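Working notes for the structure below.
No lab work stands behind these numbers, since they all come straight from the coordinates. Note that the structure is predicted; figures quoted are calculated from it, not measured. Cβ coordinates were reconstructed from backbone atoms using ideal geometry, including for glycine residues, and neighbour counts include every protein chain displayed.
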Amino acid sequence: MILGKLWKALAAQMNKIANFFWTADPIAQLQYEYDKAVDQMKDGREGLEQYRALVERVTRQVNGDRQHVESLEARVKAYLQAGERETASKFALELQKAKKELAENEAQLKLHETAYNNNVTKIKHATKKLADLKQKIQKYDAELKLSRAEAELAKLAHTFNFDVTTDFGQIEDVIQDKIGLNRAKVRVAADLSGEGLETIKQEEAVEKAMADKALREFEIEMGMVTPETAGVSADDKELGTERARQTQG
């Protein structure tokens, strides 16, 4: 009684473990069943080859029996034509036995041929089933992997909530702050690089204007151009003349 209960409890636990491994990786289980069926198919093919060898041996025996019957028939006819009935009768009795044996062997050959053809049909059908099973395993494997990926994506979409109250939201704020700081550094560098440019440009403009004015005055003094063509005012002309007199004095 107690041993029976213990055995049932142990069997239940073993069944539980077996079910766990059975459902843990169903694709691997299907592949195992497929590989086992392939091995059985190989054994069946080898057995069929051996059986075919038997059929070929019986076929040769039947062909030999037929030739023996034909030879005996020819001898019986020959001895009858020669008038030797006693010898012909002996060969006739042997012919009778040979025909009986031929009939038995032909019947056996027919049975063997039928059995062989049936087995060939079964193996072809099983081979097709195996091909379908292999394709189905590949399909199930792809679908199972895809479903797992979809489940993981769904879980990630639910987990990665970038709200400011979550850790992900706080991390995102830190990243944005760092990005803002880096951009600020770039802006400050750009602004500092333009410091004093306006003053420098203004000084360069004033210097250029003074240089142009001095050149026009020189041209007027030398008589190379008139004040009107040079665009110089009368005050500028007088100033240039006065400077020329001072130079000559």
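Between Lys134 and His68, residue separation times 0.36 nm minus the direct Cα-Cα distance comes to 18.5 nm. Model label sites at Ala92 and Met41, defined 7 Å from Cα along the beta-carbon direction, differ in position by 5.9 nm.
In order along the range 30-37, the Karplus-derived 3J(HN,Hα) couplings, from 6.51 cos²θ - 1.76 cosθ + 1.60 at θ = phi - 60°, round to 4, 5, 5, 5, 5, 4, 5, 5 Hz, and Gly and Pro are given as x. Counting neighbouring beta carbons within 10 Å and listing from fewest to most, the residues Val120, Val188, Val76 come out as Val188, Val120, Val76.
Among the listed pairs Lys42/Lys128; Lys77/Lys110; Lys77/Lys99; Lys110/Lys134; Lys36/Lys124, those whose Cα-Cα separation exceeds 24 Å are Lys77/Lys110; Lys110/Lys134.
What the phi angles of the range 173-187 give under the Karplus curve with 6.51, -1.76 and 1.60, with θ = phi - 60°, is a coupling list of 4, 4, 5, 4, 4, 5, 4, x, 5, 4, 5, 5, 4, 5, 5 Hz, glycine and proline written as x. Here each label is just a point 7 Å from Cα along the line to Cβ, and for Lys77 and Ala154 those points are 8.7 nm apart. A simple spin-label model places the labels of Thr59 and Leu30 4.1 nm from each other, with each point 7 Å out along Cα-to-Cβ.
If R0 is taken as 35 Å, the Cβ-Cβ distance between Ser147 and Asp177 corresponds to a FRET efficiency of 0.30.
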